[in-house]
Amino acid sequence: MNIRFDGKRALVTGAGKGIGRDLAKKLVECGAETYALSRTQSDLDSLQIECPGIHAVQCDLSDCTALKASVQSCGDIDLLVNNAAVALLEPFLEVKEEFFDKTFDINVKAPLMVSQIVARGMVDRKNGGSIVNISSQASTIGIENHTSYCMSKAALDQLTRNMSLELGPHNIRVNAVNPTVVNTEMGKVGWSDPAKANPMKKMIPLGRFAEVEDVVSVILFLLSDQAGMVTGSCLPIDGGCLGSLTIS
């Protein structure tokens, strides 16, 4: 499948590392004028060396004022991927208000606010658009020490459904992808210990965690016109994990 985004303008949050970084580079390859937003300037600097055609936008998404100014500075956006996220791991009985608030600020509030700005432009231009939210299988199952993270991703799934409902009449499609553990820097923070990782892998029929390209390819499809009748979905990219959870 040859996916092209010539003439389109894309914005990817959390584009400094992992899924967002590889996705931003792939969008440029596919012809999109691409804006890569990250909190860390050094990540953006190295990304621009790897991909000179990309537009770098430095912003801390927990700062609402900076968020609005940075997203508005990107101009008209046709394709949006809300990828930025944090995973602050704590046992349930030790969840701190500070960590809870930060998790929801980045994982839920920021996608809401970024999407509002971008979607208003899409509505005004009457050309439609596509938005993909990067969720997680953690939105559906309980994972030890992931209380705030799981809650935030469940909220992001519901945000996706509500956005698709209200933006659909404007020909704006909104979907989420829900990967299992992905072999990124953030994924390795919680899953580098084989004693923890191996039981999770045993729950996955394909027997492995996802690679970044496994997720990027699905995002590109959902952004493209090839998925023209797909909206409101929360698509597992989990090697069959959720579909195979049974009691025996």
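Here are the numbers for this structure:
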read-out	value
Region 93-114 residues that are under 14 Å from Val71 (Cα atoms), paired with ones that are among the basic types (Lys, Arg) and crowded, with 17+ Cβ neighbours inside 10 Å (beta carbon under 7 Å, 6 or more apart)	none
Checking Lys68 against (1) surrounded by 14 or more Cβ atoms within 10 Å (Cβ to Cβ); (2) touching a strand residue (DSSP E or B) at 6+ places or on another chain (Cβ under 7 Å); (3) more than 17 Å from Leu167 (Cβ to Cβ), the condition it does not meet	(2)
Residue match in region 104-117 (condition: modelled with pLDDT of 95 or more and more than 23 Å from Ser73 (Cα to Cα))	yes
Region 74-90 residues that are without any contact (Cβ under 8 Å) to a residue 40 or more places away in the chain, paired with ones that are surrounded by fewer than 19 Cβ atoms within 10 Å (Cβ to Cβ) (beta carbon under 6 Å, 6 or more apart)	none
In region 82-103, residue surrounded by the fewest Cβ atoms within 10 Å (Cβ to Cβ) [restricted to those that are out of contact with any strand residue (DSSP E or B) (no Cβ under 7 Å at 6 or more places or on another chain) and either closer than 15 Å to Thr160 by Cα or not hydrophobic (A, V, I, L, M, F, W, C) (or both)]	Glu97
Residue within region 34-42 that is among the β-branched types (Val, Ile, Thr), crowded, with 22+ Cβ neighbours inside 10 Å and modelled with pLDDT of 95 or more present	yes
Condition met for Asp45 (at pLDDT 95 or above, part of a helix (DSSP H, G or I) and among the acidic types (Asp, Glu))	yes
Qualifying residue in region 48-58 (condition: free of Cβ contacts under 8 Å to residues at least 40 places away in the same chain, in contact with a Gly (Cβ under 6 Å, 6 or more places away or on another chain) and not in a loop (DSSP other than H, G, I, E, B))	no
Hits in region 156-209 - residues which are hydroxyl-bearing (Ser, Thr, Tyr), out of contact with any strand residue (DSSP E or B) (no Cβ under 7 Å at 6 or more places or on another chain) and either modelled with pLDDT of 90 or more or crowded, with 20+ Cβ neighbours inside 10 Å (or both)	Thr184
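The values are calculated or read from the model by the stated rules, or taken from the named source; none is laboratory data. All values derive from a computational prediction rather than experimental measurement. For neighbour counting, all protein chains shown are included, and Cβ atoms are generated from backbone atoms with ideal geometry for every residue, glycine included.
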